[in-house]
Amino acid sequence: MNAPEHIHLGTSSALGTVSICYAPLIDRKRKAIGTRLTMLSSRAQERHHVGDILTSLNTVWPSGTAPVLVAPLDGVFDSSVSDWDAPRNAILEVPAIGLRDPEAQNVAQRLFRDGKRLALRGRPDSPLPPALLSCFEYTLVHINEDRRVTADGRPIPAPSNVSRRIPFIITGVQTVADVDAAFERGATASVGWPLDDAQHRQARPLQPGQAVVLELLRLVRDDAELNKIESTLKRDPALAFKLLRLVNSAAFGLPVQITSFQHAVMMLGYKKMMRWLSLLMATASKDSNTFPMMHASIRRGLFLEYIGAGDNQPELRDELFITGAFSLLDRITGAPFDQLFELISLSEGIVDAILHKQGKYAPYLALIEAIERSDPIGIAKITDALALPVSACNQALLKAMATADSLDGDL
């Protein structure tokens, strides 16, 4: 994503009256290969034309090459969408149920002829004409509507003379087993990842890299002496190399090369060191099933930072960031929070939000969880309680995604 530093979503804009949710597109290797953005009107009685929503979204569009599925779920799909200047990585979802209308079919075909990329959402009531079917790059199939699986989840072999004409993306998965089964049936990707699957909470030993980062976090939090931090860094040469690469990067613009670990820590400073280590901790696992959770944790941290604190409260911003970034740490590391919080000293506000779902940071964590669940009712309740305009929530989400995308490659 490439959202501007300050995004203006006025109340006159369609984006000021819709709730935006996101989910990553996860492939067989557990890597995020794209994003899905869904939109629902925050006022039940108000429905926007899809063209108006998409035109508004263009001002904050996720740039790049990774596909972005965009789904105005309750928007009116009509000829207004023809005026949309579609970004190259945008793929508009068209609801299959709407294609009962011949005019909607004509609109979809016009969009395809104009070079716009389309995906079919849902299973049509009856087979679509080949000319219409060929307009779609992907089809999104909800797990409950997948005809190649029985009601109890067992796969049904495809007829020998039948093959899928369009790559399909599975939605509505509840467990890792659901995801694996969908890939066995040929799915290209899964919309989202089952963060609450019980297998993520199974105890496993901390990996060496995670243990070193945790120890460094404890030392930095306790303002330990530089020589203690240096000796811990030396236990993980790869981590030490990353630190030197960071302080010698163009972002620091130093006139001389830094080769001393102690000097590198001094140049970074303890506050920035804490933030950098928090990012590394959230991405230190080598278990592929944790990759989607690492992806989510960084976006959670940045969302909380942007939504919950003003520009003049750096300490509060840092605490909110750590709250979001560490909120999935038990599942990423395989260690319970009680054990993790014994290894690192965190503020009461962070621990209360993550462990007890209470305190001043808890509503912001609950908000990003509702966004990840695509829960508009939950989003509305929390934003109302926080007196937070939906436009500000959308702004923080899109900005967090933009920043996180730029961080992914570096990490």
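Assorted remarks:
- Global size of region 232-337 as Cα Rg and Dmax, reported in angstrom: 15.1, 44
- The modelled label-to-label distance for the pair ARG88/ALA392, using points 7 Å beyond Cα in the direction of Cβ, is 3.7 nm.
- The base-10 log of I(q)/I(0) for region 8-61, evaluated at q = 0.18, 0.19, 0.32 Å⁻¹, reads -0.64, -0.69, -1.32 [Debye formula, identical scatterers on Cα atoms, solvent excluded].
- The chain: most fluctuating residue of ILE258, ILE229, ILE170 per GNM, C-alpha cutoff 10 Å: ILE258
- Using a Gaussian network model of the chain in which every pair of alpha carbons under 10 angstrom is joined by a spring, one finds that among PRO208, PRO67, PRO102 the greatest mean-square fluctuation is at PRO102.
- The structure shown yields Cα Rg over 2.2 N^0.38 Å, and of the options [x] 1.00; [y] 0.95; [z] 1.06 that calculated value carries the label [z].
- Solvent exposure of region 245-307 amounts to 42 Å² per residue of accessible area, where only protein heavy atoms count and the probe is 1.4 Å.
- Binned Cα-Cα distance frequencies in region 88-147 - 10 Å width, integer %: 23, 58, 18, 1
- When Rg and the Kirkwood Rh are both derived from Cα coordinates, the Rg/Rh ratio for region 257-411 amounts to 0.97.
- Per residue, in Å², the accessible surface of region 360-411 once ligands and nucleic acids are set aside, probe 1.4 Å: 42
- Relative contact order for region 289-411, counting Cα pairs under 8 Å that sit 6 or more residues apart, in percent: 27
- Derived scalar couplings ³J(HN,Hα) [region 124-136; Karplus, 6.51 cos²θ - 1.76 cosθ + 1.60; whole Hz; x for Gly, Pro]: x, 5, 9, x, 7, x, x, 5, 7, 4, 5, 6, 9
- Within the accessible surface of region 348-411, defined with a 1.4 Å probe on protein heavy atoms only, the carbon and sulfur portion equals 54 percent.
- Shape descriptor for region 169-287: Rg over Rh equals 1.14 (Cα atoms; Rh from the Kirkwood inverse mean 1/r).
- Taking the chain as a Gaussian network of alpha-carbon nodes connected by springs under 10 Å, the highest mean-square fluctuation of the residues PRO87, PRO255, PRO194 belongs to PRO255.
- Taking the centroid of alpha carbons for each part, region 325-401 and region 172-245 are 18 Å apart.
- Here, region 1-139 has an Rg and a Dmax of 15.0, 46 Å when only alpha carbons are counted.
The values are calculated or read from the model by the stated rules, or taken from the named source; none is laboratory data. A quick note: this is a predicted structure, and the numbers were derived from the prediction, not measured. When we count neighbours, we look across all protein chains shown, and the Cβ atoms used for this are built from the backbone with ideal geometry, even at glycine. We work out accessible area using only protein heavy atoms, side chains counted, and drop any ligands, DNA or RNA first. Shrake-Rupley method; radii C 1.70, N 1.55, O 1.52, S 1.80 Å.
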